[in-house]
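The values are calculated or read from the model by the stated rules, or taken from the named source; none is laboratory data. Predicted model, so just to flag it, every value in this text is computed and none were measured. All Cβ positions, even for glycine, are placed from backbone atoms using ideal geometry, and neighbour counts span all protein chains on display.
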Amino acid sequence: MGQIDLGLIDPQLAGNYFGYPIRLVGNRELKEQSLNAYEVGYTAIVAKGRAHLGAAFYINDSKGDFAPSQVSSYGCSPAPFEISFAFRVS
């Protein structure tokens, strides 16, 4: 169960806690995320020093990215007892 100190909202409520349920579910299929980044750049001064030119090229090679995706939602009614998240693996 998670808790938040209501004193963060109003100092007069310090020491009073609001409890909320948390459920975390793991995924054994997840692999570690990796990123290889490459950069090549060039700069030049031309026109007798009156102009500076520059160019750069970047590339990122990532593997094992994952991002949270929404699996449920609710409107203005009270929040559900449990809020779920799913992770998409690419």
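A few points about this structure:
- For segment 1-42, the set of residues classified as outside any loop (DSSP other than H, G, I, E, B), closer than 30 Å to Y58 by Cα and out of contact with any Asp or Glu (no Cβ under 6 Å at 6 or more places or on another chain) consists of S34, L35, A37, Y38, E39, V40, G41, Y42, listed by residue number.
- Hits in segment 10-51 - residues which are surrounded by 10 or more Cβ atoms within 10 Å (Cβ to Cβ), of a type in the set (S, T, Y) and closer than 30 Å to F66 by Cα: Y20, S34
- Only residues that are surrounded by fewer than 10 Cβ atoms within 10 Å (Cβ to Cβ) and modelled with pLDDT of 75 or more were counted in segment 52-80, giving 8.
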